[in-house]
Structure formats: C-alpha cells, structure tokens
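Enquirer: What follows is a single structure, and I will ask about it in a moment.
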Amino acid sequence: MPEDAVCLTVDLDAISQNWRLLNTRVRPAAAYAVIKADAYGLGVEPVARALHAAGCQRFFAAWPAEALALRVVLPDAWVGVLMGAPSEDWTALREARLVPVLNHLGQIEAWGDEAARHGPLDAMLHVDTGMNRLGLTPGEVDTLAGEPDRLRGLQIQAVMSHLACAEQADHAMNGAQREAFEALCNKLQPVAGSFQTSLANSSGIFLGSEYHYDFARPGAALFGLNPTPNTTNPMAEVIRLQGKILQVRRVDSAESVGYGAAFLVKQPSRIATVPVGYADGYLRSASNQASARVGGVRVPVVGRISMDMITLDVSELPEANARPGTVVELIGGDYPVDAFASDAGTIGYEILTDLGRRYPRRYQQSAAG
Ligand SMILES: *Cc1c(COP(=O)(O)O)cnc(C)c1O
C-alpha cells in the first residue's frame, strides 16, 4: 500500500495472462480484446500497451473517440468500432484506418458513400439474433441479400452477433441465437463475399467450441470478472482497492452510525471510517451489505455509504490492529469485484466502470510483461 489514503492497483500482468488464457482456449479461433469504456474503467492506455505486448493485435472500442485514442497508443493495431459512427465521424474513421461495425442500413450506406469517394473500405456487420438492441434485423439482412449493390465498395471482414444470456450456460437463448446467427450468415454469404464470423463475448467462450467461430470478443474476463458465475472463476484477479483508516471511534449501544441513522449499535463498538464513498464508485446500494478485510479479518460496512466515506465495524479486532493508518482491503482477494457487486445489487461490470478517478491508480507490471 503506497502513501495514499485510497489506492486502486491494476495488475497488468494478470490482464495479459487472462488474454493468453482466453486466446488459447478459443484456438484455432482468436480472442480480440474489447477495451471499450476506458478498458472497463481501468485505463485504456496502459491496458492496451500491456495486451499488445502480450501478443494481442486486435481490439474493439465502442465509440469512434475511444478508437481514435486507441489508435494513438497503438499505431499499427487492428481496431474495430462496435457502434459504427455518427455521420460526421466516418472520415475520421477512414483516416485512422479504423474498422466500423455497421449496425443498420443507414450506417452501411454512409460507409459505402465514404468508399465511393475514397476507394474500398473494410467493415464488419452486426446482425441481431434476438437481443433486439443493436444490429441488422433479419428483415434488413433480407434487404441486403436482395440488393447486393448496397455493399458495393465495402470489404466485409466479418459478420458478428452478440449473446444475451451467455453467462447462463443452460439458457435456451444461447442455442437459439447460434442457429439464428448461422442462418443470417448463410443469407449474407452470396452477397458479402468470404467473411469471418464471431458470436462469443467472455462468457460465450465458455459455452463450448461451437460458439468460438473465427474470433471471440472478450472484455470482462480480461479484467478478472468471472465469465462462469456458477463455477470457480478461471480468470486471474486484476484489481485491488485499498484504503486507510482515517479515524476510529467508540460508539455506545443504542447510538446510530451515519446518515439516516440506518445502523443501530447493539453493543459498545468501535467504528472505523475509511475515506472512500459512492463518489468513488463504492456504490451506496452496498450500505449495510458490503464488507472489507483488515489483516484478513472480515469487517462489515455498517450504516449508509456516504459520498466520501464508509464506516466499518472493527470491534472484532484488537485496537492495535485497527487504528488510524491501518490498511483496509476494500475490494480484492477473498472479496473480489464480483462479490462486492453482488452485495451492491449489481454486476462486476458496473463496479469496474464506476471505480473512481479521485484516488491514484498504481499499475503493476513485471519487466517481462
Ligand atoms: C461489450 C461487448 C463485448 C464484450 O463483452 P464481455 O461480456 O465484457 O466479454 C463483446 N461484444 C460486443 C458487441 C460488446 O458490446
């Protein structure tokens, strides 16, 4: 633990190790790293560099601005843009050699116009196989199949879709989406030339090789979230959030702790305050639910989580082991992101992308990368 009152440690070696594990697991397919939303909140620049050094050559961002930032970090990598682009950004995409994922006929037309002016352009198509969120509808796929001119000037590198329930291995949606995906790809084959195919996110990789196709698109698992929530997490842990106790006070029984007097002390207790709160992504919904670790001992969060502070009941610990300056393990170890997320009533994805920027981050990387 460094000097700071709160510190987030990001283990870049663990991210690299996770990518290698996934890339090996999908072989002979490949794992393209999804590092949208600032690499799930962990910092796209160090994460992209680490992954690239580990051998990952292909990345997805969500928005053009993210992809352009990634292009600066990795001048030679292949970078796909999941959202495609609003019209004014198409030129920027072309100039930066980014590959948009085209999600509806309007985007196909806009990128096709760009190709008509500047020569053939690479693209990917996203087809909707039942999520009803993004991608070409089956009707739009029929339109393309009937009017191949719409794809003129576009080299379709890949056709992809996205699974709705991949983390539930026995969910009927998985097989249904896979069948719908293959049917839509078959319709596109005659008009889109030879293209690669992709269906799996992190959890999809663990559904079996029939979901791997040519490449998978893991995000969350790279960052240590469990892609198989009902079994042991196969991924290496990536983040650790630590804080230091600011002060400890003795509270007599029948008194309360924090806003709304939401926790009543039942017996004389010692309450430790740690300067991390919901403004730092330590979600308020975890009030009276989450816990932390002090010297390996579980200590519950008591009372409401404030904007800048939490309160822990450290009565179980000897006074000398929980005093101002004592390091508290907030997230990590036997209380991983997924466990904190569950106590906050959400998923690890939301915790990672919410982790605050108010405290320093420390990136851990061995010389070997
Ligand atoms: C975010 C995203 C992914 C990565 O999903 P994870 O569950 O984080 O692995 C893959 N594909 C698409 C289209 C996405 O939007």
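The values are calculated or read from the model by the stated rules, or taken from the named source; none is laboratory data. It should be emphasised that the depicted structure is a prediction, and the values quoted were computed from it without experimental measurement. Cβ atoms come from the backbone with ideal geometry, glycine included; neighbour counts cover every protein chain shown. Please note that ligands, DNA and RNA were not included when accessible areas were found on the heavy atoms of the full protein model with its side chains. Shrake-Rupley method; radii C 1.70, N 1.55, O 1.52, S 1.80 Å.
Enquirer: Out of all the residues in the stretch 67-89, which are acidic (Asp, Glu) and at pLDDT 95 or above?
Expert: ASP76 - this is the single residue of the stretch 67-89 that is acidic (Asp, Glu) and at pLDDT 95 or above.
Enquirer: State all residues of the stretch 128-142 that are within 10 Å of LEU188 (Cα to Cα) and either open to solvent by 40 Å² or more (accessible area, probe 1.4 Å) or among the polar types (S, T, N, Q) (or both); if no residue qualifies, say none.
Expert: If the condition is that a residue be within 10 Å of LEU188 (Cα to Cα) and either open to solvent by 40 Å² or more (accessible area, probe 1.4 Å) or among the polar types (S, T, N, Q) (or both), then ASP142 is the only one that fits.
Enquirer: Follow-up question, since we're still on this one. For the stretch 264-285, name all the residues that are closer than 25 Å to THR353 by Cα, out of contact with any Phe, Trp or Tyr (no Cβ under 7 Å at 6 or more places or on another chain) and either touching a residue at least 40 places away in the same chain (Cβ under 8 Å) or open to solvent by less than 10 Å² (accessible area, probe 1.4 Å) (or both).
Expert: Passing the criteria: VAL274, PRO275, GLY277, ALA279, GLY281, TYR282, LEU283, SER285.
Enquirer: Can you pull out every residue in the stretch 322-340 that is in contact (Cβ under 8 Å) with a residue 60 or more places away in the chain, open to solvent by less than 60 Å² (accessible area, probe 1.4 Å) and not in a strand (DSSP E or B)?
Expert: Our first condition is that a residue be in contact (Cβ under 8 Å) with a residue 60 or more places away in the chain; within the stretch 322-340, this holds for 322-333, 336-338.
From the residues that got through so far, the ones that are open to solvent by less than 60 Å² (accessible area, probe 1.4 Å) too are 322, 325-333, 336-338.
Matches in the stretch 322-340: ALA322, GLY325, THR326, GLY333, PRO336, VAL337, ASP338.
Enquirer: Also, I was wondering about something else. So which of TYR335, TYR359, TYR282 ends up being under 22 Å from ASP11 (Cβ atoms), in contact with a strand residue (DSSP E or B) (Cβ under 9 Å, 6 or more places away or on another chain) and modelled with pLDDT under 95?
Expert: When all the criteria are applied, what remains is TYR359.
Enquirer: Select from the stretch 172-187 the residues that are open to solvent by 50 Å² or more (accessible area, probe 1.4 Å) and under 24 Å from the mean Cα position of the chain (by Cα) and write down the one among them that is nearest to ALA29 (Cα to Cα).
Expert: Of everything passing the filter in the stretch 172-187, ARG178 is nearest to ALA29 (Cα to Cα).
Enquirer: Anything in the stretch 188-197 that is surrounded by fewer than 17 Cβ atoms within 10 Å (Cβ to Cβ), more than 16 Å from GLY80 (Cβ to Cβ) and touching a residue at least 12 places away in the same chain (Cβ under 8 Å)? List them, or say none.
Expert: PRO190, VAL191, GLY193 - these are the residues of the stretch 188-197 that are surrounded by fewer than 17 Cβ atoms within 10 Å (Cβ to Cβ), more than 16 Å from GLY80 (Cβ to Cβ) and touching a residue at least 12 places away in the same chain (Cβ under 8 Å).
Enquirer: Out of the residues in the stretch 71-84 meeting the condition of being among the aliphatic types (A, V, I, L, M) and within 14 Å of TYR32 (Cα to Cα), tell me which one is surrounded by the fewest Cβ atoms within 10 Å (Cβ to Cβ).
Expert: ALA77
Enquirer: Restricting the stretch 208-221 to residues that are assigned to a loop (DSSP other than H, G, I, E, B) and open to solvent by 10 Å² or more (accessible area, probe 1.4 Å), which is nearest to the ligand (Cβ to nearest atom)?
Expert: Checking each candidate, the answer is ARG217.
Enquirer: If you go through the stretch 222-263 one residue at a time, how many are crowded, with 19+ Cβ neighbours inside 10 Å and farther than 29 Å from ARG361 by Cα?
Expert: Of the residues in the stretch 222-263, 3 are crowded, with 19+ Cβ neighbours inside 10 Å and farther than 29 Å from ARG361 by Cα.
Enquirer: A follow-up question, please. In the list ALA200, ALA164, ALA169, which residue meets the criterion of being in contact (Cβ under 8 Å) with a residue 12 or more places away in the chain, assigned to a loop (DSSP other than H, G, I, E, B), within 15 Å of ALA30 (Cα to Cα) and not basic (Lys, Arg)?
Expert: The conditions single out ALA200.
Enquirer: Just the residues that are within 16 Å of GLY325 (Cα to Cα) and without any contact (Cβ under 8 Å) to a residue 60 or more places away in the chain, please, taken from the stretch 300-311.
Expert: ILE310, THR311
Enquirer: Which count do you get for residues in the stretch 191-211 that are farther than 17 Å from PRO227 by Cβ and in contact with a helix residue (DSSP H, G or I) (Cβ under 7 Å, 6 or more places away or on another chain)?
Expert: 3
Enquirer: A further question on this structure: Quick one: would you say THR137 is among the hydroxyl-bearing types (Ser, Thr, Tyr) and more than 15 Å from the ligand (Cβ to nearest atom)?
Expert: The answer is yes for THR137.
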